[in-house]
Structures are given as structure tokens and as C-alpha cells.
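Comments concern the structure below.
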Amino acid sequence: MNNYQLKCEGKLLKAIIKYYKFYFFIFFFFFQPSIKAQILFSILLSDSADSKPVGLIEYNNAYYLFSNETNGNDFYTRIRIMDTLGNIVKDKCVKIENKAIATVPSYVSDSGIYLVGFSRDYGSYYEKCLFIKLNSNLEPIIFSESNDGVGFTYNMLTLEYGHSIFYCIDALNEYGIDRNIYMYKWDLSGNLIKSISFGSPEYSEYLFWMFKNYENDSIFLLAGGFYYSYPSSLKLVKIDTLLSSSLISEFPLGDFIYYNNLEYLTSNRLIYSGKYLAAPYNPRNDEMGVAILDRNFIEVRRILLGAPDTVDYPGYYHNFSSIDNRNFYCTFTKNQSFQSVFEPQLSWISICAIDTSLTLKWMKFYGGDANYGSWNVLSTHDGGCLVAATKYEWWNYSYQRDIVLIKIDSTGLITSNKYPFELHLNIHDAIVYPNPGREKLVIENGPQIAGARFVLYDMAGKPVVEALLNKTSTSLSTNQLSSGLYFWNIIYKGKVIESGKWVKE
């Protein structure tokens with residue numbers, strides 16, 4: 001090969017490299033966002049009877065496992081596995097012949113899925129602790145029951161710790177009189193290692209939360225009712241993993257009552273949540289409270305989520321979640337009815353993000369067209385979160401709730417519109433209530449639109465009430481307005497981002 005040929009081939013090679021560099025740049029620049037984009041969705045799942053979500057797990061960074069209790073003629077658990085694209089890849093009703101069962105997922109490994117709960121013979125009052133292991137096709141391969149029986153079970157919590165499964169409930173005793181706390185320890189082969197019970201014979205005990213204490217090989221329970229009448233102080237119960245000893249001490253945050261979660265943030269900090277009851281109790285003014293505690297469980301700071309004008313309940317099971325301790329996702333039910341979950345009342349699923357200093361980063365409201373209830377929130381490894389909730393449409397004259405799953409990104413966005421079970425869920429940066437109303441209207445909004453302008457118009461299009469939304473809750477007097485129909489806009493950075501109608505009674 002002569003020098004001329006070498007020069008020609010060198011020029012050709014440079015041209016090819018330059019050509020592919022250009023197209024590689026085009027591909028990388030324009031297509032990289034779609035490669036990294038999260039799959040976001042909201043879906044609705046109906047069953048043959050009333051359902052509520054009780055478990056939510058992400059595993060292998062590729063699948064979500066969720067379960068729901070179904071209350072029909074037969075009481076059973078339904079397990080579904082969904083990939084991160086929103087497709088349900090496996091679906092199974094877990095039943096035992098002639099028994100009513102309720103289980104929650106406790107642990108997922110390569111060998112199977114572990115569930116714990118209770119079983120009850122039809123027509124019987126007594127319930128037994130139940131261990132189930134499912135294979136990869138969601139088929140039961142291990143059934144195991146405890147020998148002892150308790151009365152009606154209320155709350156169930158579970159965790160896996162040191163290749164053992166711990167299952168804790170509060171339930172009536174065998175006489176159906178006193179409500180105690182019971183704890184069971186199983187190995188992964190379905191053998192019941194030990195069980196204990198504790199509580200006062202004078203008062204009922206309530207189980208709220210359970211979490212691992214890695215510092216000294218023990219488990220913490222957050223409970224209420226020990227030696228106290230209602231309203232009880234919260235109690236922290238420390239139990240070693242052998243279930244051989246327990247220590248009960250008073251928990252300081254007594255104004256965060258019910259729906260409590262408590263977990264480690266760092267070795268020196270914990271994060272705690274619950275339903276905050278502000279005095280006076282009439283009218284009801286429930287909000288979701290989140291607090292940072294030191295290692296001695298003393299409050300460092302707190303934030304209240306919700307508004308003083310409505311009843312706001314934290315997610316009933318798991319209401320905050322984080323993976324990397326940078327973003328915490330919280331969920332609560334906005335405009336919760338404290339009388340019944342089957343009330344003909346419009347409500348919202350509220351999801352918000354806070355940082356470790358408890359600064360609210362954003363808050364959004366989903367729904368508002370039916371009676372919704374928030375149950376579980378799970379931070380996901382793609383930076384977003386998955387929320388499990390219920391939807392109740394009372395106008396169908398059926399006491400049946402359906403399951404709602406909401407997958408959002410780190411800004412609260414939902415983008416999907418192509419899945420077979422898709423729910424067209426309304427997403428709001430702000431909501432206006434009560435509607436209809438009389439003396440006032442309230443605008444509640446997330447901090448992401450702070451500084452927006454609210455304008456209320458009469459039928460002729462004339463502005464009659466205006467306000468800047470500098471807080472997350474703004475109350476405006478409407479006493480001066482005559483009865484009738486009004487229109488409103490929320491304008492942010494020159495654009496109308498929310499609009500609607502409002503009726504003055």
C-alpha cells in the first residue's frame with residue numbers, strides 16, 4: 001500500500017468517525033431524556049367486592065407488589081405484581097377453602113413471596129395467625145397456622161428482620177372482652193418460633209406502627225392504651241428479636257393521635273407522623289403532622305399538612321416514605337369524612353414532598369370527583385413514588401371501594417394515558433372549597449405556585465374577589481356576595497393554571 005492510498009484511507013476513516021460522532025451527538029442529545037424518562041400512570045382496579053390496599057413493595061427495581069383485602073361473601077387477599085411500565089404481569093386471589101383470610105406481604109426474595117395474616121373458619125369467632133409462602137407464579141407452597149386463637153383482629157403490621165418474619169396485631173382476647181397486642185415470630189420455612197402478648201386487663205390497646213431498631217437488635221412498636229383510658233398517651237414498646245423481653249415507655253408526642261408512622265432518618269434522627277388534633281375539637285380540625293425527633297424521641301421540629309378548614313387524615317397505613325433521605329413523600333386524604341368511609345362526600349388524595357428540614361417543596365391534589373382515601377405511599381428507586389388509594393362512587397348505590405394506584409415523578413406529575421386500567425385522574429395545584437359555600441371560600445395550594453393570583457368573577461365576568469396566594473391556605477369572606485353562580489381562575493406567571501365554578505348559597 002503506497003502513501004497515496006494511506007492518505008486516502010486516512011481521510012475516509014476521519015470522515016466516517018466525524019459522521020458517526022455527529023449522529024451519536026444527535027441521538028444522545030435528543031433521545032437521552034426518553035431513555036431516562038419515568039413511566040408515570042394512574043390506574044383503577046375493580047374487584048367483585050369492597051377492597052382496600054394493605055401492602056405495597058418494590059423489588060428488584062423492576063416490579064411493584066401490592067395486595068388488597070376484599071370483603072365479600074368470602075374474605076380473601078388479592079396479590080398483584082406490576083412492572084414499572086404499569087402493566088399487571090401477575091394477578092392471584094389467595095384463598096383457603098372454608099376459611100376467611102386476610103394477609104399482608106412481609107418479604108420478597110428469590111425464593112418466593114412471604115405473607116402473614118390471620119385465618120378464621122367460617123362461622124367461627126376465633127382467628128389464628130397465618131403464614132403463607134407463594135412461589136413466583138403466586139401459587140401457595142407453604143400454609144402454616146398457629147395453634148392458639150384470638151378474637152377479632154383490628155390492625156396488622158409485619159416486617160422481616162434477620163431472616164425471620166415478625167407479625168404483630170391488636171385483637172380481642174378469647175373472651176371477646178379485652179383488646180391486647182399479640183406478636184408472632186416465624187422462620188422462613190413457616191415454623192412459628194414464638195409468640196407473646198401484652199397489655200392491661202383494664203384498657204384496650206391499639207397498635208399503630210412497628211419498625212426495626214438496628215442499634216441493639218430489637219423492634220419498636222408504637223402503641224396506645226397501656227394503663228390509660230381514652231384518649232390515651234402513646235407508648236413506645238421495645239422488644240428484643242427473641243421476644244424474651246419488652247420495655248414500655250411513654251412517647252412524648254401525644255397530640256399526634258392515630259395513623260402513626262415512625263422510622264429512622266439517621267442514627268441520631270427519627271421521622272414521625274400522625275393525625276394532629278388541634279383544640280378545640282368542634283368543629284373538627286384534623287391535619288397530618290410530621291415531626292423530626294432526636295434519638296431520645298424528643299421533638300426537634302414539626303410541620304402540619306392540610307388546612308384548618310377541613311378534616312385531613314394521614315394515609316391510613318403508610319403515610320410517608322423515603323429511600324435516599326433527600327425527599328420524603330407524604331400522602332393524606334383531603335376532606336376526609338370522620339363518620340364513615342362510605343359517606344357521599346367529595347375528597348382528594350393529597351401527595352406532597354418535603355425535605356429533611358421539613359420544608360414543603362410541593363403539594364398536589366388528585367381527584368375531587370368522588371370519595372377518595374389514601375392508604376400507602378412508597379418511594380421508588382426512579383426518584384418518584386407510588387401511592388395506593390381507594391375510590392368510592394356512592395351514586396352507584398354499592399358499598400364498594402375500588403383500588404387506585406398513582407405513579408408520579410419527583411414533581412408530582414402523571415403523564416401516562418395508554419394503560420388498559422387507566423383512571424383519568426384530575427391533578428390540581430390548588431383546590432377551592434367549600435362548594436357550594438356561604439360565608440367564605442378557601443383556596444388551598446402547594447408552594448410550587450406561591451404568588452399566584454386568585455380571581456372570582458360574577459356571571460357578567462366582573463372580578464368580585466381577588467387575592468394573592470402567598471400561603472398554602474387562604475380564606476376569603478364572601479358575605480358581601482349575593483347567592484348565585486360564580487367563576488374563578490388561578491393565574492400563575494401570566495397563565496391560567498386552574499379554573500372552575502363556585503356556588504354561593
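Number of residues in region 452-488 that are open to solvent by 40 Å² or more (accessible area, probe 1.4 Å), under 20 Å from residue 365 (Cα atoms) and not hydrophobic (A, V, I, L, M, F, W, C): the value is 5. Picking from residues in region 332-345 that are hydroxyl-bearing (Ser, Thr, Tyr) and surrounded by fewer than 24 Cβ atoms within 10 Å (Cβ to Cβ), the one that is farthest from residue 265 (Cα to Cα) is 340.
With a requirement of 2 or more residues that are under 20 Å from residue 390 (Cα atoms), the strands (runs of 3 or more DSSP E) lying completely within region 71-141 that satisfy it span 75-83, 88-94, 99-109.
Could you list, in sequence order, the residues of region 114-134 that are small (Gly, Ala, Ser) and farther than 17 Å from residue 168 by Cα? Passing the criteria: 123, 124.
Region 187-275 holds strands (runs of 3 or more DSSP E) entirely within its bounds, and those carrying 1 or more residues that are in contact with a Lys or Arg (Cβ under 6 Å, 6 or more places away or on another chain) map to 192-198, 218-224, 246-250. For region 186-207, filtering for residues that are at pLDDT 90 or above and open to solvent by less than 30 Å² (accessible area, probe 1.4 Å) leaves 3.
If you go through region 174-185 and keep only what is loosely packed, with under 15 Cβ neighbours inside 10 Å and hydrophobic (A, V, I, L, M, F, W, C), you end up with just 177.
I'd like to check something: does region 375-389 contain any residue that is assigned to a loop (DSSP other than H, G, I, E, B), more than 24 Å from residue 80 (Cα to Cα) and modelled with pLDDT under 90? Spell out how you get there, then give the answer.
As a first pass, look at region 375-389 and keep what is assigned to a loop (DSSP other than H, G, I, E, B): 380-384.
From the residues that got through so far, the ones that are more than 24 Å from residue 80 (Cα to Cα) too are none.
The answer is no, given that none of the residues of region 375-389 is assigned to a loop (DSSP other than H, G, I, E, B), more than 24 Å from residue 80 (Cα to Cα) and modelled with pLDDT under 90.
Mind counting the residues in region 317-331 that are under 8 Å from the mean Cα position of the chain (by Cα) and either open to solvent by 40 Å² or more (accessible area, probe 1.4 Å) or under 21 Å from residue 154 (Cα atoms) (or both)? So the count comes out to 3.
So is residue 367 open to solvent by 30 Å² or more (accessible area, probe 1.4 Å) and closer than 20 Å to residue 41 by Cα or not? So residue 367 does not fit the description; no.
Scan region 90-109 residue by residue and report those that are closer than 18 Å to residue 53 by Cα and either open to solvent by less than 30 Å² (accessible area, probe 1.4 Å) or β-branched (Val, Ile, Thr) (or both).
Going residue by residue through region 90-109, those that are closer than 18 Å to residue 53 by Cα are 90-95, 100-108.
Those that are closer than 18 Å to residue 53 by Cα and either open to solvent by less than 30 Å² (accessible area, probe 1.4 Å) or β-branched (Val, Ile, Thr) (or both): 94, 100, 101, 102, 103, 104, 105, 106, 108.
Can you find a residue in region 299-321 that is modelled with pLDDT under 90 and small (Gly, Ala, Ser)? Yes, that holds for at least one residue.
Here residue 213 fits the description: touching a strand residue (DSSP E or B) at 6+ places or on another chain (Cβ under 7 Å), among the polar types (S, T, N, Q) and closer than 24 Å to residue 108 by Cβ. The requirement of being surrounded by fewer than 24 Cβ atoms within 10 Å (Cβ to Cβ), in a loop (DSSP other than H, G, I, E, B) and not basic (Lys, Arg) is fulfilled somewhere in region 346-355, by at least one residue.
In region 494-503, what residues are in contact (Cβ under 8 Å) with a residue 40 or more places away in the chain and part of a loop (DSSP other than H, G, I, E, B)? Passing the criteria: none in range. Taken together, 142, 165 contain a single residue that is of a type in the set (A, V, I, L, M), open to solvent by less than 60 Å² (accessible area, probe 1.4 Å) and at pLDDT 95 or above, which is 165.
Only a single criterion out of (1) in a strand (DSSP E or B); (2) in contact with a Leu (Cβ under 7 Å, 6 or more places away or on another chain) is not satisfied by residue 333, namely (2).
If only residues of region 249-308 that are over 28 Å from residue 214 (Cβ atoms) and without any contact (Cβ under 8 Å) to a residue 24 or more places away in the chain are counted, the one that is surrounded by the most Cβ atoms within 10 Å (Cβ to Cβ) is 277.
The values are calculated or read from the model by the stated rules, or taken from the named source; none is laboratory data. If you're wondering where the values come from, they're calculated on a predicted model, not measured in any experiment. In this analysis, Cβ positions are derived from the backbone assuming ideal geometry, glycine residues included, and neighbour counts consider all displayed protein chains. Protein only, heavy atoms only, side chains kept; ligands, DNA and RNA dropped before computing areas. Shrake-Rupley method; radii C 1.70, N 1.55, O 1.52, S 1.80 Å.
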